[in-house]
Structure formats: C-alpha cells, structure tokens
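Colleague: Take this structure first; my questions come after.
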Amino acid sequence: MATDKTALNLPKENPEAEDFLPILGTDYIELYVGNAKQAAYYYMSAWGFQPLAYSGLETGLKDRASYVLKQDKIRLVLTSPLKSGGDINRHIEAHGDGVKVIALWVDDARKSYSETVSRGAVSYMEPKVIKDVEGEVVLSGIQTYGETVHTFVERKNYKGAFMPGYRRWDPFYKAPDVGLKYIDHIVGNVGWNEMNKWCKFYAHVMGFAQLVSFDDKDISTEYTALMSKVMSNGNGRIKFPINEPASGRKKSQIEEFINFYNGSGVQHIALATDNIIETVGSLKARGVEFLTIPPSYYENVLDRVGKIDEDLAPLSELGILIDRDDEGYLLQIFTKPILDRPTMFIEIIQRKGAKSFGKGNFKALFEAIEREQESRGTL
C-alpha cells in the first residue's frame, strides 16, 4: 500500500482543527478476540471481508496469531493469544472481544508521537522501524480512553500486503464482499462526566476540533439518556463521537456497555457503503441481525426528511433509518450487539451529502435499543 500521497494535500473540511499531526485516514482496527481463526471466518462469511495477511507460529510469532481482513479501504486485524497469561488474555478476560487498537495512517509516525506525547499523551509504543524484503513501516502509539490505544502507522516505504512480520494469506474460501467502502466514524463510550475530558484530549493532544454536540435533550427517551460530542481531524477522515451516560429513569445503553465491558471502550464502528439497500440485504441474507424499527416510523418519515432517491418500501422492509441536514440526507442502520456481551455493534451508513449523524433518528434508535436491553434484563 505504498503511496506518495500525503495528508498535506488533502482539503481541510474542519477549519477549527489545528491538525498538526496530520492524518491520512484510518489504517486498521485491531480487535483482541478469544479465537481469531473463527472470528476471521465470521467477518469473511457474514461481512464479506477478504483475507489479506497472517502472522503467527508459521511466521515466527510465538505468543499470538493475527488475521488481517480487508474490504475496500477497511482493514481489520483479529488477534488471539497462543498461551495463557499475558496482556491479551487479561484484556479479553476484562472486556471480552473488543477493539484494542485504532491505528491511524500518518505521513510521519515519529513526528506524530513527539507531537502528541509532548502535549501530554501517555506513551504506548515509542517509535520503531520494522523491515522485511518489501520495505519498512514506522510505528508508534499513545494511550486513549480505557485500554484503547492509537497506533501511528507510516507506510510510505512499504510495498507488502500489510506490514513486516505478516505473510500474505490466501485461503481457498473467499465470500463475496457486501459493498463496504471505508470507516465513517468510530464511537467511544466513556464513564460519567468523562466526555469533556476526552474531547479536550483530542483537541489539545491531537489537534482535532468538535464537529457537533448532543445533550440529553437531543438523545433521550422516556427511560434513558446520554450525552455525545463528535471530534474530527482537519480533513474529516477521522471522526470520533464520544458518549457518556446521562441521568434517566432506567439504565442507558452507555451504562450497560460500561458494566459489561468493565470500563470505557469502542462501542461501535460505522462502515460506509454506496448502496445501503444492497449491502444490508446481503448482510441479512448471511445472518447479520439488525435492530427492529416499528412500521410507524415510516408513516411520516418523508414529511420530515423530504424527497429521497430511494424507494421507501425496501428501506422500510430492511429497517433502514433516514435523516437530513443542510448538506443532504443519510441512510443508516445498526446491528444488534455482534458479541455475547452487549458491547460492540456495527453501523452501516450511506451519506447522500449529509455530514451529520442522524439526530432525527435518535428517538427511534434508542427506543429500539431499549427494547433489546429489556429482553436482556439490563434496562
């Protein structure tokens, strides 16, 4: 994936961001999981990811195995421990399967490290160079909320499939993709009164700026509420909504997440598509379960959002939500938790000009989540 593109020639979409790193995009997301081989099969079969690279005993790695999957610009790394003890086992014991690393693709991993650490970030990985016959990759990293970390990846001098230490992985079985294109945003859940702390972290330490904020009047139902702010880098390729609980009559989805995850962490990953009807139809046919939206939602939705290009019937049949802002409209849908613990889920989103996050859908969405919480006995 060597390229001569740099972040400096990308247009700036968030003028308030200092953007001193700067960042080209999301490089990969790494999940620590109990069984990486089986998890890889799930993401391939159900989600249409393609095999890319592998690292483990066969590549000289003795303590873990990692499978790298790709779909268009999205890369997932699934990592499991090979022995008892150690940090990966401890992470899985505490959190279940979950996101450990949000890796950011940068021009200069050394500069990214020095800029962030000098502003108060806690070091996770000092800059290091890894090499093989395909070239070299420079890595560094910092800690963020909970046990989540950001790794800075500089790969302009590398031509291999993923990075040194991995070999190409080309198994016989490959499921067709489902049209997923890139990571639109990654949502973090943090504890009570921690949202502003982490928003300040992204502003001061990483040069991000706030795009939008939602309070408990925006995101609430009869029973639960939460607060959220969206932080973004300058070119808009990295968007991190940060959620915290707000007081309500019953336990919110954020509280449920924190209780089962045992702390702050990544709640959901939003994956973009150019045709949400085809993508969601394919995912449902492969067994992916989505939140159920009542038919009454669609009775007056077009009165609220206006004319759209798609027919309403398939959107209603699939349970896809619609919202509009000043720039256009968006279509979105949310899976049920994809793990046994009610923690991480996936959002599918198609933007037709809109740059917002579906504020008009919050009530319908959160009521759907509450119905699932009630069935689990955690509301």
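Colleague: In whole Hz, what ³J(HN,Hα) sequence does segment 17-31 give by Karplus (6.51, -1.76, 1.60; θ = phi - 60°), x for Gly and Pro?
Modeller: 6, 5, 6, 7, 6, x, 10, 7, x, 7, 7, 6, 10, 10, 10
Colleague: Please list, in order, the residues from segment 171-195 whose amide nitrogen is less than 11 Å from a point placed 7 Å along the Cα→Cβ vector of Glu58.
Modeller: 171-172
Colleague: Mind listing the long-range amide H neighbours of Gln267? Cut-off is under 5 Å, sequence gap 5 or more, other chains count too, H placed in the peptide plane at 1.01 Å from N.
Modeller: Residues meeting the amide H criterion: Val187, Gly188, Asn189.
Colleague: Would any residue of segment 157-193 have its amide N under 16 Å from a label point 7 Å out along Cα→Cβ of Glu136? List them or say none.
Modeller: So the set is 157-160, 163-165.
Colleague: Search the structure for amide H atoms under 5 Å from the amide H of Glu289, placed 1.01 Å from N in the peptide plane, and list their residues when 5 or more places away or on another chain.
Modeller: Lys336
Colleague: Spelling out what I want: for every residue of segment 301-316, take phi, set θ = phi - 60°, compute 6.51 cos²θ - 1.76 cosθ + 1.60 (Karplus), and round to whole Hz; glycine and proline get x.
Modeller: 5, 6, 5, 7, 9, x, 5, 10, 6, 8, 6, 6, 4, x, 5, 5
Colleague: A follow-up question, please. Give me the percent relative contact order of the chain, please, defined on Cα pairs under 8 angstrom at least 6 residues apart. Can you show the working numbers first?
Modeller: Numbers: 871 pairs, mean separation 62.5, N = 379.
This gives 16 percent for the chain.
Colleague: Oh, and also: Please list the non-local residues whose amide H lies under 5 Å from the amide H of Thr26, H modeled 1.01 Å from N, same-chain partners needing a gap of 5 or more.
Modeller: Trp105
Colleague: Next question. As a test of understanding, state the convex hull volume per residue of segment 62-207 from its alpha carbons, in Å³.
Modeller: Given the Cα convex hull of segment 62-207, per-residue volume reads 153 Å³.
Colleague: Any lysines with Cα under 27 Å of the Lys197 Cα? List them, leaving off those in the same chain fewer than 8 positions away.
Modeller: Partners within reach: Lys12, Lys100, Lys111, Lys217, Lys229, Lys239, Lys250, Lys251, Lys355, Lys359, Lys363.
Colleague: While we're here: In whole Hz, with x marking every Gly and Pro, tabulate ³J(HN,Hα) for segment 323-331 from phi via Karplus 6.51 cos²θ - 1.76 cosθ + 1.60, θ = phi - 60°.
Modeller: 8, 9, 10, 5, 8, x, 9, 9, 10
Colleague: Still on this structure: Could you compute the FRET efficiency for Leu312 and Lys37, with r as their C-beta to C-beta distance and R0 at 41 Å, rounded to 0.05?
Modeller: The formula returns an efficiency of 0.50 here.
Throughout, read-outs are computed from the coordinates displayed, never taken from laboratory work. Predicted, not measured: the structure shown is a model, and the values here were computed from it. FYI the Cβ positions are ideal-geometry reconstructions off the backbone, even for glycines, and counts take in every protein chain you see.
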